[in-house]
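Notes follow once the structure below has been shown.
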Amino acid sequence: MAHETGAETDAPPNYASEAHGLEVLDLARVLANAAHDTQQAQRVRVYLIIWVAAGSGRLSVDDRDMQVQGGDAVVLHPGQAMRWNGNNKLEGSIVRFHPAFLYDETHDEDPLLQHDILHNAHAQPRLRVGKTWQPALRSIVHAMRLEQMAQESQHAHHDMQQHLLHIALILLQRALASRHKAMGHALSMRQLFCEFRHEVECRCEQGWTVQDYATALHVTPRTLSAAVQAAMGCSTKQYLDERTMDEARRLLRFTTHPISYIATRLHYSDASNFTKFFVRHAHVSPLEYRETAKEQDTTAGRAGG
């Protein structure tokens, strides 16, 4: 796959597209048919749920390298970057869908707010699905496959696919909740934090401040800070800084854009201010981080070859 110099590498068609529907792909077949592409970092444009039914392998998501095995689910969000590391022997499915696929005109609430799992991009993307729920998730994914086959013969029903996806997300939400079961937050604060996360994902490259987000959500900065502190254990400013660092790491690792371009894109007045910010959080300069990441990627590519 050829890419222009300095451009971000988009995911190949098997992983993401601009279509607003839902598609279920066979994981082993994708890995076999795209052996070359899976060794390269790819930027996804839609939501991906990678359900690993059996086997084991290694995967990088943004700056996180992780081992995956049967019973794991990995949830990727639009804008994240991924790469398979080494020779992976995995069985399972990849469910990909556009955010618009979940919308229901009969409800006013943003459907993405119903599922915390879709706002978990900056936590650990790998979820361990308990043995109790693995058969249920396997059955739901299988039903999605059957409905997809019906779609090819023009007998599929959009509502059926939509409902199956909601059920799958609820099961994954329970896996996420089990990780944070000690965190019991008031519904109003949880809803505020969900709406805040949604705004951050929509406006993360617009240089918004804490005050900007508070104003957009019709609350005071103090109330917003309380919601973020309760959900994430950090201040609103720390959360926004970490989101900026996530994007900075992606741009440094997966593109060849100059530091000055990245600084401008992330709303820093110049490369010097961006470098100071990056060093304060990563303890290395942007250039040092990029060089180390390239060395790691080259080593991983050789090991995979």
Just to check your reading of the model, which residue among A282, A263 is within 25 Å of T209 (Cβ to Cβ), in the same structural domain as C204 (by TED's automatic domain parsing), small (G, A, S) and touching a residue at least 24 places away in the same chain (Cβ under 8 Å)? A282
Can you tell me which residue among T215, T220, T209 is surrounded by 14 or more Cβ atoms within 10 Å (Cβ to Cβ), at pLDDT 85 or above, β-branched (V, I, T) and closer than 16 Å to K237 by Cα? T215
Identify, please: which residue in the range 250-271 is among the charged types (D, E, K, R) and surrounded by fewer than 20 Cβ atoms within 10 Å (Cβ to Cβ) and is, among those, nearest to G207 (Cα to Cα)? R265
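Table: residues versus (1) at pLDDT below 90; (2) buried (at least 16 other Cβ atoms within 10 Å of the Cβ).
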site: R64; (1), (2): yes, no
site: D72; (1), (2): no, yes
site: H77; (1), (2): yes, yes
site: P99; (1), (2): yes, yes
Looking at this structure, is R280 surrounded by 14 or more Cβ atoms within 10 Å (Cβ to Cβ) and of a type in the set (D, E, K, R)? no
Return the only residue of D297, D246, D241, D212 being assigned to a helix (DSSP H, G or I), without any contact (Cβ under 8 Å) to a residue 12 or more places away in the chain and of a type outside the set (A, V, I, L, M). D212
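The values are calculated or read from the model by the stated rules, or taken from the named source; none is laboratory data. All of these numbers come straight from a predicted model, not from anything done at the bench. Glycine gets a Cβ as well: all are built from the backbone with ideal geometry, and neighbour counts include every protein chain shown.
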